[in-house]
Amino acid sequence: MGNPKAFLEIHRQEAGYRPVHDRIHDFGEVEQTLNTRERKLQASRCMDCGVPFCHWACPLGNKAPEWNDALYKGDWELAYRLLSTTNPFPEFTGRICPALCEKACVLNRYNHEPTTNREDEAAITEMAFQEGFIQPRQDIVRNGKSVAVIGAGPAGLAAANDLNLKGYTVVVFEKNEAAGGLLRYGIPNFKLNKALIDRRIRLLEAEGIEFRYGECIESVELLSKEYAAVVVATGTPTARDLNIPGRELKGVHLALELLSQQNRVLAGMEFSKAERITAKDKDVLVIGGGDTGSDCIGTAHRQGCKSVTQIEIMPRPVEGPDDPQSPWPNWPRTLKTTSSHEEGCTRRWNINTLEFLGKDGKLTGVKVQEIDWQPNPEGGRPIMVEKGKPEIIKAELVLLAMGFLKPEHPQYAKNVFVCGDAANGASLVVRALSSGLQTAVLVDNYIRSTVNQ
Ligand SMILES: Cc1cc2nc3c(=O)[nH]c(=O)nc-3n(C[C@H](O)[C@H](O)[C@H](O)COP(=O)(O)OP(=O)(O)OC[C@H]3O[C@@H](n4cnc5c(N)ncnc54)[C@H](O)[C@@H]3O)c2cc1C
Ligand code: SF4
């Protein structure tokens, strides 16, 4: 630990976002960066406490106290080396991780000013790229075994990277035209610049991983006969839909239809006027109060919407830093206000959606109803009761952001391993990375056991 008193003398300082009037007109990353002096001061606040809950809370087991100490001392190379022992792609988590570690930080318990681990992570990684500390590994010894990975999202990439470094010949099959999964075709560019994915993929290619794009694998069984093992990292392809009257109207879309198309447009892809989904000059209604909904809000603003409303069927979460239902060091399920919410949005809770209304096949509004949740006398899930009269929210574009269905998988052959969201249901990038790494170990153990038989 560099400075034992720093947490008493230096306050938490976040780099913050670009001003709304500036950022709202482009898709550049909204988050800013601190200068090197300020970043090192922030790192100095880490107390290296006896029981580092940050380490426990991070699904990757990131050793924040160790790399924060190296960062404070200005040893960026050591900081990156420590960081990369547990996190294969910290440039992603450093930008879009909700930072489970920071909520679990002892300083969060002490005065709600936890260390800035996520931003520190991004800063360490950018410096490592800039200074050339990250170079393709040339010392990988091949073991003569091949592994197929299906899906180039974070889980597939983490598994592919680890298996490649262990000496396997790795082929990644990806149905899209580029790698990244939801990093590329879900998360908006204003949260994650896609050039960062390209930079990492170039490195993985230089280290020997083969990527085959535009290949949608229909038969896992066939691959499992061709390769020593197969990793299925295909995510959660099915979004939860809302099959109520009017669902067929033009203007009702799943959130990812908008988000993935917008990211593709920014990558240079062209869409006909009929195909293009845009919020320009429209009143937009986002159904679903989570992070995907928030990404729709930010995207709608940048496309030039007239207004955005976000509705959620569940009650408004508690406000403030602490959640009595999920106390420290657990993740608090408190009200979250994102950079997209700050850009302007009407947010409502306890609202049920009854019907999409339209004229000449086009959406004009949505009939909704305020509801309440009452305790179930028989226990279990609370009961939804209607309150007041139904009302109509004017909207020409509706985005359904209500989560994803957990995929079901058949009984695969013994050499097939499922990881990431495909195995656990929709979650977080950091959990997908962790799952990919754990799966790589299982694959390695399995192949070694078959060789030794
Ligand atoms: C809009 C949105 C925003 C999000 N924002 C955040 C965030 O800010 N922070 C965060 O931590 N998490 C966020 N998440 C969640 C996070 O993106 C996912 O948990 C994570 O990407 C899951 O990784 P994965 O590799 O398991 O799956 P995915 O990222 O879904 O990747 C699966 C890949 O498999 C490919 N594939 C599927 N089927 C086949 C097939 N048959 N053949 C070949 N390829 C196939 C897909 O094309 C895709 O590239 C967000 C999710 C969404 C939808
Ligand atoms: S990956 Fe997320 S939880 Fe883990 S140390 Fe980084 S910011 Fe914290």
query: Any idea what diffusion coefficient the stretch 6-130 gets from Stokes-Einstein, in µm²/s, Kirkwood Rh on alpha carbon pairs, 4 °C, 1.567 mPa s?
result: 89
message: Students often check this: by mean Cβ neighbours within 10 Å, which of 317-328, 344-355, 122-133 ranks highest, and how do the rest follow?
response: 122-133, 344-355, 317-328
field: About the Cα centre, charge dipole magnitude for the chain (Lys/Arg +1, Asp/Glu -1 at Cβ), debye
entry: 240
task: Tally the DSSP beta bridges in the chain and give the antiparallel ones as a percent, rounded to 5.
output: 35
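Within the chain, which complete DSSP H helices have Cα atoms spanning at least 24 Å along the helix axis and a mean Kyte-Doolittle hydropathy of -0.5 or higher? Don't skip to the end; give the middle numbers.
Working: long enough: 429-451 (33 Å, 0.67).
Flagged H segments are 429-451.
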field: Relative contact order [Cα under 8 Å, 6+ residues apart], the stretch 93-169, whole percent
entry: 24
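So, by mean Cβ neighbours within 10 angstrom, what's the order for 36-46, 400-410, 304-314 with the highest one leading?
Numbers: 36-46: 20.8, 400-410: 15.8, 304-314: 19.1.
Going by the mean number of other Cβ atoms within 10 Å, highest first, we get 36-46, 304-314, 400-410.
Ratio of alpha-carbon Rg to the 2.2 N^0.38 Å globular estimate for the stretch 44-188, to two decimals, please.
Working: Rg = 16.8 Å, N = 145, 2.2 N^0.38 = 14.6 Å.
That works out to 1.16 for the stretch 44-188.
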The stretch 123-232: trypsin sites (Lys or Arg not before Pro) in DSSP coil with no more than 12 other Cβ atoms inside 10 Å: 137, 142
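For the stretch 252-400, what does the relative contact order come out to in percent, with C-alpha contacts under 8 Å and a separation of six or more?
Values: 272 pairs, mean separation 38.7, N = 149.
Once divided by the residue count of the stretch 252-400, the mean separation gives 26 percent.
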message: Tell me the mean residue ellipticity at 222 nm calculated for the chain from its helices only (DSSP H runs of n ≥ 4, each -39500 (n - 2.57), averaged over every residue, nearest 500).
response: -10000 deg cm²/dmol
query: In percent, what relative contact order does the chain have, based on Cα pairs under 8 Å that are 6 or more apart in sequence?
result: 17
task: Compute the projected area of the convex hull of the Cα atoms of the stretch 252-400, averaged over all viewing directions, and report it in nm² to one decimal place.
output: 11.3
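Stick to the Cα atoms of the stretch 339-435, pair each with every other, and give me the Kirkwood hydrodynamic radius in Å at one decimal. Numbers along the way, then the final one.
Values: mean 1/r = 0.0561 Å⁻¹.
Every distinct Cα pair counted, the radius reaches 17.8 Å.
By per-residue mean of other Cβ atoms within 10 Å, what is the highest-first order of 146-159, 227-240? Can you show the working numbers first?
Working: 146-159: 28.6, 227-240: 21.6.
The most tightly packed comes first, giving 146-159, 227-240.
Give the Rg/Rh ratio for the stretch 273-360, taking Rg as the radius of gyration of the Cα atoms and Rh as the Kirkwood radius, to two decimals.
Details: Rg = 15.4 Å, Rh = 14.6 Å.
The Rg/Rh ratio comes out at 1.06.
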field: When the convex hull of its Cα atoms is projected in every direction, mean area for the chain (nm²)
entry: 24.9
query: Just the Cα atoms of the stretch 125-266: what Rg and Dmax do they give in Å?
result: 17.7, 60
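Which value, in debye to the nearest 20, gives the size of the charge dipole of the stretch 6-130 about its Cα centre, when Lys and Arg are +1 and Asp and Glu are -1 at the Cβ?
Details: 14 positive and 19 negative charges, 49 e Å.
Here the size comes out at about 240 debye.
I'd like the Kirkwood hydrodynamic radius of the stretch 258-301, using the inverse of the mean 1/r over distinct C-alpha pairs, in Å. Intermediate values should be presented prior to the final figure.
Values: mean 1/r = 0.0882 Å⁻¹.
For the stretch 258-301, the Kirkwood estimate is 11.3 Å.
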field: Whole-number Å³ per residue for the convex hull built on Cα positions in the stretch 114-183
entry: 127
- prompt: How big is the charge dipole of the stretch 252-400 about its Cα centre, in debye rounded to the nearest 20, if each Lys and Arg gets +1 on its Cβ and each Asp and Glu gets -1 on its Cβ?
  reply: 400
task: Holding the Cα-Cα limit at 24 Å, pick out from 250/367; 250/282; 73/191; 280/394; 191/280 the pairs that are longer than that.
output: 73/191
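Quick note: the coordinates plus some simple rules give every number you see, no bench work behind them. Every value quoted in this text rests on a predicted model; they were computed, and no experiment measured them. For neighbour counting, all protein chains shown are included, and Cβ atoms are generated from backbone atoms with ideal geometry for every residue, glycine included.
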